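See structure below.
Only the coordinates and a few stated rules stand behind these numbers; no lab work does. Note that this is a predicted model, so its numbers are computed, not measured. We place every Cβ from the backbone using ideal geometry, glycine too, and count neighbours over all the protein chains shown.
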Amino acid sequence: MELATFNPFGQDHKDLYRTLEWARTHQPIFFSEALDAWCITRYDDVREIAGDPQRFSSKSAIIRPTGLPPEATKIVDFIWDNLPITLTDAPEHRFVRRVAHAGFGARTTRRYEDGVRAIIQEEVDTRSSVSEFDIAEFAHVIALRSVLHVMGIDPETMGKWSGWLADIHSIMFGSHTHTSDELVASGKRCAPAIDYLIDLADRRIASPQDDLASAWGAVAIDGQKLSRSQLANLLFSFIVAGWESTADALSNIVHTLLRTGKWNDLVSGQLDVEAAVQEGLRFDTSVIGTFRTVVHKDTEFRGIGFKQADLLLLLYCSANHDEVQYKVPETYDPYCPRSQAAMAFGYGIHNCAGAPLAKMELNFAIDLLAQRFPDLELSGRLPPAPRQLSIFRGPQSLHVKTNSPGLPG
Ligand code: HEM
């Protein structure tokens with residue numbers, strides 16, 4: 001199998017899992033020239049590297065785009081220069097992670113339950129009278145509304161955020177495929193997003209309210225607080241990390257449930273929503289993988305000599321299909337107790353800081369969809385076309401139909 005050209009980002013992903021299965025058996029750590037990175041495919045190897053931040057740095061967990069026009073570089077500089085939680089190592093990471101956790105841990109997330117459920121209920125109700133709609137569009141709306149709600153961002157700005165985030169996405173992942181003029185336009189269009197967050201940080205530091213921006217602004221760890229730019233960037237990191245990851249996960253899970261007929265089990269109550277979500281996160285992982293960089297020179301790992309600054313791609317999606325860990329990994333089986341927790345949310349100090357919110361959104365959304373649309377069916381192009389240019393894996397659109405549209409019950 002040709003692995004030198006392997007690139008799971010921005011490609012048609014249809015053979016991804018077959019390629020990774022082959023790699024896990026024959027060449028579990030291989031070098032992709034297309035990515036200029038070593039690809040790590042086995043569960044144990046991914047876990048060991050993710051769990052060893054002293055040897056494997058997160059400074060390039062997402063590759064910093066270079067060669068951009070100044071309008072786009074300004075956005076990149078803001079993200080990278082203000083303590084980005086995903087892209088820092090200890091001790092800075094420990095500080096920012098403790099701040100994040102102080103306002104947004106597993107327990108504190110529960111206080112957002114009513115608001116998040118109400119958002120999802122409203123979006124389900126909005127679609128109740130139509131016979132066909134797009135799950136991917138629904139998923140993007142509820143994931144963005146939920147994360148903005150939790151961050152304390154004015155819901156009136158929702159329309160602007162989807163545009164801003166699309167432009168930020170083009171800058172982060174599209175430096176090779178977009179023209180310079182397109183990147184200039186994207187940089188100009190999304191600059192107000194940063195201004196908005198800095199202004200919000202200022203206002204919440206000066207006059208705290210009952211939201212996360214205020215909570216984070218007030219937290220002091222060993223007497224140290226976030227600066228206003230760092231607070232703005234923490235809000236930004238959570239919005240970016242929490243939007244498409246969750247939207248794609250929801251689309252992938254609904255797709256799998258409908259494709260395998262398990263939707264009916266969910267509707268009849270035979271299948272538990274949490275089990276459906278849990279196995280769905282393993283089976284069709286929405287975050288393909290993230291990068292690490294080798295810290296020391298001559299680092300030996302499983303008989304391979306990595307050089308200092310070598311890039312490693314931790315393929316969470318592959319780890320979640322590792323046949324050593326999971327019985328029949330290529331089957332979606334929510335009834336089979338899996339001996340290993342899936343690594344959909346990563347592992348180690350950088351594991352997902354928003355997992356409780358993500359699970360809450362997914363559980364509510366699947367539950368409310370199943371209640372309102374018991375006869376949901378896939379329609380439109382199948383398999384759906386994947387979204388391009390992203391570390392996230394999910395469909396561009398996922399059309400579904402129902403024979404029983406009705407008014408909210
Ligand atoms: C199903 C949805 C989600 C999936 C699959 C997911 C997956 C992941 C993964 C794999 C990582 C580890 C990255 C690494 O190893 O470098 C991560 C980190 C992170 N996630 Fe999520 N995520 C989801 C939803 C969310 C949500 C809803 C939020 C915020 C509201 C969020 C915020 C974050 C943050 C801030 C980090 C960085 C943590 C750190 O570096 O310390 N995620 N996520």
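Structure above, values below:
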quantity: Protection proxy ranking of 322-329, 146-153, 162-169 - average other beta-carbon atoms within 10 Å, highest first; calculated: 146-153, 162-169, 322-329
quantity: Kirkwood-Stokes translational diffusion coefficient of region 260-409, alpha-carbon pairs, 25 °C, 0.890 mPa s, µm²/s; calculated: 137
quantity: Sum of -39500 (n - 2.57) over DSSP H runs of 4+, divided by residues of the chain (222 nm, nearest 500); calculated: -15500 deg cm²/dmol
quantity: Ranked by how many other beta carbons lie within 10 Å on average, peptides 304-316, 375-387 from highest; calculated: 304-316, 375-387
quantity: P(r), alpha carbons of region 13-401 - 20 Å bins starting at zero, rounded %; calculated: 27, 60, 13, 0
quantity: Charge dipole of the chain about the Cα centre (unit charges at C-beta), most positive-ward option of Ser175, Ala218, Ala241; calculated: Ala218
quantity: Of Lys160/Lys359; Lys74/Lys225; Lys14/Lys74; Lys14/Lys59; Lys160/Lys307; Lys74/Lys401, those spanning more than 32 Å from alpha-carbon to alpha-carbon; calculated: Lys14/Lys74; Lys160/Lys307; Lys74/Lys401
quantity: Taking His140, His178, His101 and counting other C-beta atoms within 10 Å, the order from fewest to most; calculated: His101, His178, His140
quantity: Ranked list, fewest to most other Cβ atoms within 10 Å of each Cβ, for Ile205, Ile391; calculated: Ile205, Ile391
quantity: Charge dipole of the chain about the Cα centre (unit charges at C-beta), most positive-ward option of Gly380, Gln270, Thr126; calculated: Gln270
quantity: For peptides 237-250, 185-198, sequence by mean Cβ density within 10 Å, most packed first; calculated: 237-250, 185-198
quantity: Net dipole in debye of the chain [+1 Lys, Arg Cβ; -1 Asp, Glu Cβ; about Cα centre; nearest 20]; calculated: 640
quantity: Neighbour-count order for Met360, Met343, fewest beta carbons within 10 angstrom listed first; calculated: Met360, Met343
